[in-house]
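Q: First the structure, then my questions, so here it is.
Each reported figure results from applying straightforward, stated rules to the coordinates on display, with no laboratory input. The structure displayed is predicted, hence computed values, not measured ones. Backbone-built Cβ (ideal geometry, glycine too); neighbour counts: all protein chains shown.
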Amino acid sequence: MSEESFDAIVVGAGPAGSAAAYCMAKEGLEVLLIERGTAPGAKNSSGGRLYGHSLNKIIPNFWKDAPVECQVSRETVTFLTGETAVSLDVKSQKFADQPSFTVLRSKFDAWLAEKAEEAGAMLACGIRADELIMKDGKVIGVLCGEDEMFASVVIEADGANAWLAQKAGIRGELSPKHVATGVKEVIELPPNVIKDRFNLTGDTGAAQLFVGECTRGLQGGGFIYTNKESISLGLVVTTEEFLQTEHKLADLMEDFKMHPAIQPLIEGGKVVEYSAHLVPEGGLGMMPPLVSDGLLIVGDAAGLVLNIGYMVRGMDFAIASGEAAAYAVVTAKKLEDYSKQGLALYQTALEKSFVLQDLKTYSKVPEFLENHRIFGKYPALVEEMMVNLFTVDGTPAQHVLKPMMATIKRRGGFVQLAKDAWKGVRAL
Ligand SMILES: Cc1cc2nc3c(=O)[nH]c(=O)nc-3n(C[C@H](O)[C@H](O)[C@H](O)COP(=O)(O)OP(=O)(O)OC[C@H]3O[C@@H](n4cnc5c(N)ncnc54)[C@H](O)[C@@H]3O)c2cc1C
């Protein structure tokens, strides 16, 4: 049994935990960063697109040093049916003004944790925190196997499951409605092949999101991100959907890869990594108390993820929440008050920042996305309209509007479409 004491113990060296540890260590606090994996990132999965703003705030121009893959210059959202893909494709130099990058988490997480170490944090890998140690209702440390480790404050950054808070009764069990299951493969291909297939130049990359047949109409979507020497390809599907269908995620993945629009992109590639992970998607509806006496919850553990269909953001939220938690702890140390009130600055900072404001702005999205027409009927409707638009068969042509109205009528009617569109506009 060993006893050690720190200003702060951070549980989990993902983006949230390492950002928190980095910011506290830079301010001279004694910080222990615990990671259950053999190395940071070893157990982590992510689609792989990092919006750079929040990391740029704490490590300016981080991309000059960080192991980022490609700077995203091309965005595509695609409706998929069995045989057809209809895309909105945007390629712009302007994306470079607020750069976002594709990353591979095993490299990226290791780098960010190393930054925390360089700033003075102590990183301990291969150690799992099993539970919070409480005294008089206040968190005073963590129990790791037989070892007790003590700190003025614990920052819980252990990802979507948030086991520690669950075990301590601070948050309830996760509802299948509030989490999605994500699977991802990393498929190796030569760099010149990736550039040719995705129409890319230099170190730029592509980000593609897919709706429709890739999930067989289930609530969720697919993604492809290009890296330097590989492609990250995967699916994210609401967990509740799997309880109600016979579909298996592994089967959906195989079908997605065999789709005529996807197969040519990955042909000849070698799968070098496969991972599966939960994604908290319930937004404000699943958020636990963020602050308790001696405890702050950050990143996925706090449910800070935004999935709005054409964009998935978790890592920038994780990093910003880690930073906000760190500065709340720095202030609490100055005041020697680690109570809920003493740490309340964390909640206030999140409310003032994009983190809680974006989750509020998009708070209707989870409910909007429960509409299955978005994942089944509407991709089919878009397909029919676009295939008609570009088909010349020698019969007399009609003005565009007439066949489009006929398609809408056949696929559920104008009133239904208008209602759904209005809900979408309000949610997004
Ligand atoms: C398939 C998929 C695609 C995604 N795509 C994107 C995307 O493109 N862009 C984006 O921004 N976000 C994306 N996300 C979400 C993003 O990955 C997460 O929001 C982000 O990783 C959250 O960071 P975190 O540090 O809070 O948690 P995590 O990254 O989950 O890190 C938690 C860390 O805690 C460790 N840990 C857990 N329990 C313990 C314990 N008891 N003791 C010690 N250590 C512990 C874990 O090993 C891990 O290292 C995606 C997620 C998935 C699953």
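Q: With springs only between Cα atoms under 10 Å, which of Arg313, Arg171, Arg411 fluctuates most in a Gaussian network model of the chain?
A: Residue with maximal mean-square fluctuation among Arg313, Arg171, Arg411: Arg411.
Q: ³J(HN,Hα) across the stretch 368-384 via Karplus (A = 6.51, B = -1.76, C = 1.60, θ = phi - 60°), whole Hz, x for Gly/Pro?
A: 4, 6, 6, 6, 5, 4, 4, 9, x, 5, 6, x, 5, 5, 4, 4, 4
Q: Separate question: Using only alpha-carbon positions, what ratio does the radius of gyration of the stretch 179-280 give when scaled by 2.2 N^0.38 Å?
A: Compared with the compact-globule rule of thumb, the stretch 179-280 sits at 1.08.
Q: Percent relative contact order of the stretch 179-280, based on C-alpha pairs within less than 8 angstrom and at least six residues apart? Walk me through the numbers on the way to the answer.
A: Values: 181 pairs, mean separation 44.5, N = 102.
Over the stretch 179-280, the number comes to 44 percent.
Q: With +1 on each Lys and Arg Cβ and -1 on each Asp and Glu Cβ, how big is the dipole of the stretch 368-427 about its Cα centre, in debye rounded to the nearest 20?
A: 300 debye
Q: Let me ask something else about it. Between Gln93 and Lys270, what length in nm is gained on full extension when 0.36 nm per residue of separation is reduced by their alpha carbon distance?
A: This chain segment gains 60.6 nm when fully extended.
Q: Moving to a separate point now. Calculate the spin-label point distance for Asn199 paired with Tyr310, positioning each point 7 Å from the Cα along the beta-carbon direction, and give it in nanometres.
A: 1.7 nm
Q: Which residue fluctuates most in the GNM of the chain (Cα springs below 10 Å): Ser292, Ser18, Ser92?
A: In this elastic network of the chain, the residue with the biggest mean-square fluctuation among Ser292, Ser18, Ser92 is Ser92.
Q: Considering only DSSP states other than H, G, I, E and B, which trypsin sites (Lys or Arg not before Pro) in the stretch 67-98 qualify as loop sites with at most 11 other Cβ atoms within 10 Å? Intermediate values should be presented prior to the final figure.
A: Numbers: sites: Arg74, Lys91, Lys94; in loops: none.
Nothing satisfies the criteria.
Q: Sticking with this one: Given springs between every Cα pair under 10 Å in a Gaussian network model of the chain, which of Leu88, Leu284, Leu249 has the largest fluctuation?
A: Between Leu88, Leu284, Leu249, it is Leu88 that shows the largest mean-square fluctuation.
Q: Okay, moving on. To the nearest 500 deg cm²/dmol, what mean residue ellipticity at 222 nm is calculated for the chain from DSSP H runs of n ≥ 4 alone, each contributing -39,500 (n - 2.57), summed and divided by the residues?
A: -9500 deg cm²/dmol
Q: Please work out how much length the chain gains when fully extended from Lys340 to Arg373, using 0.36 nm per residue of separation minus the C-alpha to C-alpha distance, in nm with one decimal.
A: 7.5 nm is the gain from fully extending Lys340 to Arg373.
Q: Give me the net charge for the shell around Met24: Cβ to Cβ below 15 angstrom, other residues only, Lys and Arg +1, Asp and Glu -1.
A: -3
Q: Scan the chain and hand back the longest stretch that contains none of the chymotrypsin sites (Phe, Trp or Tyr not before Pro) lying in DSSP loops with at most 16 other Cβ atoms within 10 Å. Walk me through the numbers before you get to the answer.
A: Working: sites that count: Tyr310, Phe390.
The segment 1-309 is the longest one with no such site.
Q: Once amide H atoms are built 1.01 Å from N in the peptide plane, which residues 5 or more positions from Leu104, or in another chain, come under 5 Å H to H?
A: Counting only residues 5 or more places away or on other chains, the set is Glu69.
Q: If I model a spin label as a point 7 Å beyond the Cα along the Cα-Cβ vector, how far apart are those points for Lys360 and Phe150 in nm?
A: Inter-label distance under the simple model: 4.0 nm.
Q: While we're on this one: From the cross-link list Lys115/Lys135; Lys64/Lys94; Lys167/Lys352, which pairs have alpha carbons spaced over 22 Å apart?
A: Going by Cα-Cα distance, Lys115/Lys135; Lys167/Lys352 fall outside the 22 Å limit.
Q: Still on this model: Please identify the longest segment of the chain free of exposed GluC sites (Glu not before Pro), where exposed means a DSSP state other than H, G, I, E or B and no more than 13 other Cβ atoms within 10 Å.
A: No qualifying site falls inside 1-82, the longest such stretch.
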